[in-house]
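Below you'll find the structure, written out as structure tokens, and then a few comments.
The values are calculated or read from the model by the stated rules, or taken from the named source; none is laboratory data. Keep in mind it's a predicted model, so treat the numbers as computed, not measured. Note that we place each Cβ from the backbone using ideal geometry, even for glycine, and neighbour counts take in every protein chain shown. In case anyone asks, the SASA skips ligands and DNA or RNA and just uses the protein heavy atoms, side chains included. Shrake-Rupley method; radii C 1.70, N 1.55, O 1.52, S 1.80 Å.
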Amino acid sequence: MINDKVLQSISGWKAVPVATTLSRIIKLATPADIIGIEGLVHYFRGRVWKRAVRSGHKLRSALVEMWVDVDSTVEGVCGNQEGAEKGYNPKKKGQKSYHPLMAFVSESKEVLHSWFRCGSAYSSNGVVEFMKECLVHIRKGVKVIFRGDSAFFTGDLLDYLESKGAGYLIKVKLKRLRALLERQVWTAVSGFSGWEQAEFQHRCMRWGVSRRFVAVRKLIRIERGLIDIPVYDYFCYVTTESLAPMEAHRKYGERATCETWIEECKSQMKAGNIR
């Protein structure tokens, strides 16, 4: 970092301060300073987007319809750092960790927002308040579409997004819906051998309204016996978008790049790390 020519050019520094100097300065920051810096980041993002619109850049399409990928990540720590707690940790069970929440703009690969959270926080904890902060920094008139995994399959989040005119494409937890899926009318997907699709309306417990579900399934094998039984792998989503089931499945698959962005944030921006 000391020899980072880009940072030197942007800052106008002759040399980048050593890590201990930067650490000392950062420790002087107050909550008000942090909010101010966050506002500054969004201000400059807004200027970049305005320039993209004026220049006809391809990214201006995101100012009409913006896909926002939201995900969380686990960052384990050694020791007893402030805020580190035991929670879900797939790599080292029982290790204390942090569990930050992040939002990315799919079209521009930007980090739109992030929250630093203790390790015991569940993936969707506080996601409604998190999205409130995200939407504040997005230009009026832009349709936001939330894309997330099954950890964000919560009625409160869907209610909030609908109240703001935002869309969503969220993977569904299959634990209690597999029997429901098996009862649907399935049709073959043209051009995709072994794949079938279905769509239906369903109201989960504690929901005030029914919502559109789309699902696809892939034939894995056929168990031979007195009666041949086909075995399928199911994928189901709840969505506001007018996508065919297979289109929704493929659109959700674009979220895979989110994992790459998270790793870049963790390794290059030290997300989920206070050292």
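Structure above, values below:
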quantity: Per-residue HN-Hα couplings for region 111-116 [Karplus 6.51, -1.76, 1.60; θ = phi - 60°; Hz; x = Gly/Pro]; calculated: 7, 6, 6, 7, 10, 8
quantity: Carbon + sulfur, % of accessible area of region 134-275 - ligands and nucleic acids excluded, 1.4 Å; calculated: 50 percent
quantity: Length gained when the stretch Glu247-Trp186 is fully extended (0.36 nm per residue, less Cα-Cα span); calculated: 20.4 nm
quantity: Normalised convex hull volume, region 145-275, alpha-carbon set, Å³ per residue; calculated: 166 Å³
quantity: The chain - Debye-derived log10 I(q)/I(0), Cα point model, q = 0.09, 0.10, 0.13, 0.16 Å⁻¹; calculated: -0.54, -0.66, -1.03, -1.37
quantity: Approximate spin-label separation Ile229-Glu65, in nm, with each point projected 7 Å along Cα-to-Cβ; calculated: 4.1 nm
quantity: Per-residue [θ]222 nm for the chain (sum of -39500 (n - 2.57) over DSSP H runs n ≥ 4, rounded to 500); calculated: -9500 deg cm²/dmol
quantity: Using a Förster distance of 22 Å, the FRET efficiency for Ala15-Glu264 (Cβ separation, nearest 0.05); calculated: 0.30
quantity: Approximate shape of region 1-56 as ellipsoid semi-axes (Cα gyration tensor, √5λ), whole Å, largest first; calculated: 27, 19, 6
quantity: Vicinal HN-Hα couplings computed from phi for region 124-129 (Karplus, 6.51 cos²θ - 1.76 cosθ + 1.60; Hz; Gly/Pro x); calculated: 8, 4, x, 5, 5, 5
quantity: Distance in nm between pseudo-label sites at Arg221 and His137 (7 Å out along the Cβ direction from Cα); calculated: 4.8 nm
quantity: Surface accessible to a 1.4 Å probe, Ser124 within the full protein complex, Å²; calculated: 20 Å²
quantity: Computed magnitude of the charge dipole of region 141-184 (debye, nearest 20; Cβ of K, R +1, Cβ of D, E -1); calculated: 200 debye
quantity: Cβ-placed point charges (K, R +1; D, E -1), dipole of region 194-240 about Cα centre in debye, nearest 20; calculated: 260 debye
quantity: Among Val68, Pro230, Ala15 the positive-end extreme of the charge dipole of the chain (Cβ point charges); calculated: Ala15
quantity: Listed residue (Val189, Met131, Ile25) projecting farthest to the positive dipole end of the chain, Cβ model; calculated: Ile25
quantity: C-alpha center-to-center spacing [region 93-160, region 1-48] in angstrom; calculated: 24 Å
quantity: Order by protection proxy (mean Cβ within 10 Å, highest first), peptides 168-178, 142-152, 196-206; calculated: 142-152, 168-178, 196-206
quantity: Surface per residue (accessible, 1.4 Å probe) for the chain, Å²; calculated: 61 Å²
quantity: Sorted peptide list for 30-36, 126-132, 16-22, 207-213, criterion being average Cβ within 10 angstrom, highest first; calculated: 126-132, 207-213, 16-22, 30-36
quantity: Given charges at beta-carbon only (K, R positive; D, E negative), |dipole| of the chain in Debye; calculated: 340 debye
